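Novice: Here it is, the structure, as structure tokens.
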Ligand code: NAD
């Protein structure tokens, strides 16, 4: 089937490659000429395991191509996926300008019955706005072309995006059009071979499902971080508590890891956007504000430990080794990453940072440029040389089993601030290193 995808970011590019892989003929359109020119010569703009070879296979088979030409994109197909960004507005609500601009582009060029599928995360009711925008352009054109608007939110996770897209747990489709439903079933049939994964519902419920899912996950994290903070006050160990509650099948183990806060392009903005949408309906979604507030506090946690350990006046002149820059492992994405809050607080206090991340170094360079208080280094060992302490903010796998002897001999102040609870405090302390984890029994 011919498909056009507008927006070639984490969502659009991965989905396009996966669609091409199962045989669809996909045209990818983006307004970012640098990104498209790169993709045309095989340069993948993001780090996602397996993506490069899948894109290459798609291009080689001629089932995947890239363009900045919006008209070409519209002419390519009659099924259009919108996968552009929906960043937070100044007040935290979702900015729909890119989504509505694509809707307009489609309406200006479409010449046969069209299906407009919204994959971006958008507030409830956006489908109606897209419909209204398309209708008004068609009216201006003086044509009457039938079309449907479908909500099809995306649930992929950066770091495992390819697998999530190729083997989705569920496919949410929001539409009341039997024709659009039939076409969506055809597009997604290769992904539902063993069991039916498609859940068809009304458009507003589909839009809301995405926010409810992300807010639930963010709530689990903030809840657990709040428990970790209480565990500190009460001299309990949150890691033992985590195992204790995770073994209850009603709770489960996933998403209950305490840490130095969630980041990324989705949870922070989606929690904020739903809270703002609630406000527009005159409803105070108190739990969402608490989730946000707890997370903001949690991102400051490691810096607070550093202040507690050294005294704020003694941070100036320290050199701190930082392991991890991306907001989570297996991605180079630093949007809303806890590392950024920590870096900025450290610089403000006069410290220097030696940082290492397996994938996010270029991104850090892009964000911060060259500055004398940030040195990006090529290995996790290199950053230890000349450092006073080690800080961990991203739980990359190969940080799990470090060479503790090297840490002990390299770190002048022999202290680890671990924002992801990777190590056992007692074992680390037995090696002669001071250790700060999240919720590990120190008094608050
Ligand atoms: P992104 O910022 O990586 O990519 C968006 C792309 O859209 C950019 O390349 C941009 O140049 C392009 N764009 C903007 N305006 C355009 C236009 N008029 N025509 C064509 N292209 C245009 O964003 P993303 O992370 O892929 O997220 C896209 C949407 O999917 C967001 O709503 C996000 O909330 C949602 N989402 C993201 C994830 C994730 O993990 N990143 C997961 C699920 C859902």
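Novice: Write out, first by first residue and then by second, each pair whose Cβ atoms fall under 6 Å of each other, whose residues are 6+ apart or on separate chains, and whose first residue, in region 254-279, is at positive phi while the second is within 12 Å of the ligand (Cβ to nearest atom) and in a helix (DSSP H, G or I).
Specialist: Close Cβ pairs (under 6 Å, with a partner that is within 12 Å of the ligand (Cβ to nearest atom) and in a helix (DSSP H, G or I)) amount to 255/217.
Novice: Residues in region 199-251 that are without any contact (Cβ under 8 Å) to a residue 12 or more places away in the chain and either crowded, with 20+ Cβ neighbours inside 10 Å or in contact with a helix residue (DSSP H, G or I) (Cβ under 6 Å, 6 or more places away or on another chain) (or both): how many?
Specialist: Adding up the residues that qualify gives 1.
Novice: Do you know which of the residues in region 6-23 that are touching a helix residue (DSSP H, G or I) at 6+ places or on another chain (Cβ under 7 Å) and more than 23 Å from residue 104 (Cβ to Cβ) is farthest from the ligand (Cβ to nearest atom)?
Specialist: If we take residues in region 6-23 being touching a helix residue (DSSP H, G or I) at 6+ places or on another chain (Cβ under 7 Å) and more than 23 Å from residue 104 (Cβ to Cβ), then 22 is farthest from the ligand (Cβ to nearest atom).
Novice: Let me ask something else about it. From 117, 134, 150, which residue is assigned to a strand (DSSP E or B), more than 14 Å from the ligand (Cβ to nearest atom) and either under 21 Å from residue 276 (Cβ atoms) or touching a strand residue (DSSP E or B) at 6+ places or on another chain (Cβ under 7 Å) (or both)?
Specialist: The match here is 150.
Novice: Another question about this same structure. Evaluate region 285-295: report whether one residue or more is on the phi > 0 side of the Ramachandran plot and surrounded by fewer than 20 Cβ atoms within 10 Å (Cβ to Cβ).
Specialist: Within region 285-295, not a single residue is on the phi > 0 side of the Ramachandran plot and surrounded by fewer than 20 Cβ atoms within 10 Å (Cβ to Cβ).
Novice: Give the residue, chosen from 236, 290, 296, 321, that is more than 26 Å from residue 422 (Cβ to Cβ) and away from the ligand (no atom under 16 Å from the Cβ).
Specialist: Result: 290 is the single residue among 236, 290, 296, 321 that is more than 26 Å from residue 422 (Cβ to Cβ) and away from the ligand (no atom under 16 Å from the Cβ).
So that you can scan it fast, the table gives a plain yes or no per residue for (1) assigned to a helix (DSSP H, G or I); (2) modelled with pLDDT under 95:
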site: 158; (1), (2): no, yes
site: 186; (1), (2): yes, no
site: 190; (1), (2): yes, no
site: 194; (1), (2): no, yes
site: 205; (1), (2): yes, no
site: 230; (1), (2): yes, no
site: 241; (1), (2): yes, no
site: 253; (1), (2): no, no
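Novice: Right, next: Given the condition part of a loop (DSSP other than H, G, I, E, B) and under 30 Å from residue 226 (Cβ atoms), answer yes or no: does some residue in region 376-392 qualify?
Specialist: no
Novice: If residue 75 satisfies all but one of (1) touching a residue at least 24 places away in the same chain (Cβ under 8 Å); (2) part of a loop (DSSP other than H, G, I, E, B); (3) more than 14 Å from the ligand (Cβ to nearest atom), what's the number of the condition it fails?
Specialist: The single condition residue 75 does not satisfy is (2).
Novice: Kindly evaluate residue 66 against the criterion of being assigned by TED's automatic domain parsing to the domain that holds residue 131, surrounded by 16 or more Cβ atoms within 10 Å (Cβ to Cβ) and over 24 Å from residue 171 (Cα atoms).
Specialist: So residue 66 fits the description; yes.
Novice: Determine if region 49-62 includes at least one residue that is within 12 Å of the ligand (Cβ to nearest atom), in the same structural domain as residue 124 (by TED's automatic domain parsing) and either modelled with pLDDT under 95 or surrounded by 14 or more Cβ atoms within 10 Å (Cβ to Cβ) (or both).
Specialist: No, region 49-62 contains no residue that is within 12 Å of the ligand (Cβ to nearest atom), in the same structural domain as residue 124 (by TED's automatic domain parsing) and either modelled with pLDDT under 95 or surrounded by 14 or more Cβ atoms within 10 Å (Cβ to Cβ) (or both).
Novice: Here's something else I'd like to know. Identify the single condition in (1) away from the ligand (no atom under 16 Å from the Cβ); (2) at pLDDT 95 or above; (3) assigned to a loop (DSSP other than H, G, I, E, B) that residue 122 does not satisfy, given that it satisfies every other one.
Specialist: Just one mismatch for residue 122, condition (1).
Novice: Here's a follow-up. Looking only at residues in region 79-107 that are assigned to a strand (DSSP E or B) and more than 8 Å from the ligand (Cβ to nearest atom), which one is farthest from the chain's Cα centre (by Cα)?
Specialist: Here the residue is 79.
Novice: Just the residues that are within 10 Å of the ligand (Cβ to nearest atom) and more than 20 Å from residue 166 (Cβ to Cβ), please, taken from region 24-44.
Specialist: Of everything in region 24-44, those that are within 10 Å of the ligand (Cβ to nearest atom) and more than 20 Å from residue 166 (Cβ to Cβ) turn out to be 29, 30, 31, 32, 33, 34, 35, 36.
The values are calculated or read from the model by the stated rules, or taken from the named source; none is laboratory data. In this text, all values refer to a predicted model and were calculated from it rather than measured experimentally. No Cβ is skipped: glycine too gets one built from the backbone with ideal geometry, and neighbour counts run over all protein chains shown.
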